[in-house]
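Comments concern the structure below.
The values are calculated or read from the model by the stated rules, or taken from the named source; none is laboratory data. If you're wondering where the values come from, they're calculated on a predicted model, not measured in any experiment. A quick note on method: Cβ atoms are made from the backbone with ideal geometry, for glycine too, and the neighbour counts reach across all protein chains shown.
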Amino acid sequence: MIKTVNLNNTKISYLPTTQFIPQSLITEDKPYFIELEVSTKEDVRLQDKKITDQIVERISPFGGHSTLISKNRSQRPQPDEQNIKADNTDIQNCLFDNIDKVAKPIVEYPEYEVYQAPNPFAFNTGYHEIIFTKEHVEKLDQIQYKHIFGIFSVMVKRAQYLSGIAGINQVSAGLNLGTAKMKYSAGASQPHLHAQIGAVYQTGYLPDSDRIENVCSEFEKVGIDYMQKYFEAVITARLDIFESKNFFVFAPFAPRFKDEIHIVSKTTEFSNLTMVNSKQIQEISDLIIKVFKAYTKMKFPNKEGNMVNVGIDSLNIEFLGNRFDSKSKGRLFIKIMPRQSDLAYSELLGRFVVDRYPETTAEAIRNETSTK
Ligand SMILES: [Zn+2]
């Protein structure tokens, strides 16, 4: 359930001992979320039409960012789409199809149809590898189960390898689709599906991952299984989408990106990438493909009221887990983040802005996947 409270007459409580993170998940018997409603008091007019947008603010149950949901923003004027359309990507220019030009040593995994190579332009500390498909895969609707399964399998192997190196305590792992040439970039420089995996040392920090772990362990101290309460609230808020044997799939209460989807392990049995075997890799790859298929089919009304496809061609997936030696075992946390908007000043301050409720996304994906 989600309770809407007025920002002006609400006293926000705080997470135990994490005093600077306001609490948005109320962990009572029947857990629920709180969103803050903020309505404009000024008389705002646009061409004689009164604007009465209502914005809600949702603070991430794990802290770190807040999400402002403003449905009116989907109506705002956009610059001429033609002028900012993506360049046509030229397969000749794709580095990953010219293996001679890729940094060495390259490891080929014929059984997974993927390559692994070092990133000579690293942003991770000590180790940074790229895993990419043999086949040139550029668009969301070209991605098949075997591509995700192949990349993910090698990613897990590399995580297991890195976990055995002294000092390395967790990994930074993610998947990119969509290049800087496209309108909304996922940060990749190559128009070819690939993943990155890098080392995070004991003394290093992976903000998103470490924050989830910290919040969960603070609640553990007061006898509360925060993730369990979070799942319960997700279900009563109808943010749940589907589940498999070991994993839940849902839309997060406070998404950073429109149509963001999370996949989280149901138990602490799988708390990071090193703990999954080929069976769970299959299970997760299936779930990811199911979400991708729904993305390619999902339609919403545009400004003129016509149903149009969301047209996702740029996305990131983050694979978060606990530190390898973590005592408070958490869950493997996979975040699928379509990149349909630019990051502007608000996001840089930690306040993300979306124009679609995650409940709406959850319902659309449930509809797309239940009939198939
Ligand atoms: Zn390519």
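Out of all the residues in the stretch 81-91, is one or more away from the ligand (no atom under 16 Å from the Cβ), at pLDDT below 85 and assigned to a loop (DSSP other than H, G, I, E, B)?
yes
Based on what the data block shows, is ASN306 among the polar types (S, T, N, Q) and either closer than 30 Å to LEU162 by Cβ or in contact with a Leu (Cβ under 8 Å, 6 or more places away or on another chain) (or both)?
Spelling it out, it is not the case that ASN306 is among the polar types (S, T, N, Q) and either closer than 30 Å to LEU162 by Cβ or in contact with a Leu (Cβ under 8 Å, 6 or more places away or on another chain) (or both).
Strands (runs of 3 or more DSSP E) wholly in the stretch 281-372 with at least 1 residues that are under 21 Å from ASN176 (Cβ atoms) - which ones?
315-320, 333-338, 351-354
Would you say THR268 is assigned to a loop (DSSP other than H, G, I, E, B), in contact (Cβ under 8 Å) with a residue 12 or more places away in the chain and over 30 Å from SER189 (Cα atoms)?
Judged against the criteria, THR268 is a match.
For the stretch 144-167, check the following and say yes or no: at least one residue is charged (D, E, K, R), within 19 Å of ILE288 (Cα to Cα) and either touching an Asp or Glu at 6+ places or on another chain (Cβ under 8 Å) or within 16 Å of the ligand (Cβ to nearest atom) (or both).
The answer is yes, given that some residue of the stretch 144-167 is charged (D, E, K, R), within 19 Å of ILE288 (Cα to Cα) and either touching an Asp or Glu at 6+ places or on another chain (Cβ under 8 Å) or within 16 Å of the ligand (Cβ to nearest atom) (or both).
Please specify each residue of the stretch 108-142 satisfying the condition of being surrounded by 16 or more Cβ atoms within 10 Å (Cβ to Cβ), among the β-branched types (Val, Ile, Thr) and away from the ligand (no atom under 13 Å from the Cβ).
ILE131
Would you pick out the residues in the stretch 314-372 that are over 16 Å from the mean Cα position of the chain (by Cα) and among the β-branched types (Val, Ile, Thr)?
Correct list: THR360, THR369, THR371.
Which of the residues that make up the stretch 241-265 are touching a residue at least 40 places away in the same chain (Cβ under 8 Å), outside any strand (DSSP E or B) and not hydrophobic (A, V, I, L, M, F, W, C)?
SER244, PRO252, PRO255, ARG256, LYS258, ASP259, GLU260
Considering only residues that are of a type in the set (Gly, Ala, Ser) and surrounded by fewer than 18 Cβ atoms within 10 Å (Cβ to Cβ), look in the stretch 252-311 and name the one that is nearest to SER24 (Cα to Cα).
GLY311
Hey, any hits in the stretch 223-236 for a residue that's modelled with pLDDT of 95 or more and not in a helix (DSSP H, G or I)?
The answer is no; no qualifying residue exists.
Can you spot a residue in the stretch 177-187 that is among the hydrophobic types (A, V, I, L, M, F, W, C), touching a Gly at 6+ places or on another chain (Cβ under 9 Å) and within 16 Å of the ligand (Cβ to nearest atom)?
yes
Could you please find all residues in the stretch 192-217 being outside any helix (DSSP H, G or I) and either under 17 Å from the mean Cα position of the chain (by Cα) or among the charged types (D, E, K, R) (or both)?
Of everything in the stretch 192-217, those that are outside any helix (DSSP H, G or I) and either under 17 Å from the mean Cα position of the chain (by Cα) or among the charged types (D, E, K, R) (or both) turn out to be LEU193, HIS194, ALA195, GLN196, ILE197, LEU206.
Cβ-Cβ below 7 Å, separation at least six or inter-chain, first residue in the stretch 113-134 and within 19 Å of CYS94 (Cβ to Cβ), second of a type in the set (Asp, Glu) and surrounded by fewer than 19 Cβ atoms within 10 Å (Cβ to Cβ): which pairs?
GLU113/GLU135; TYR115/GLU108; THR133/GLU113; LYS134/GLU113
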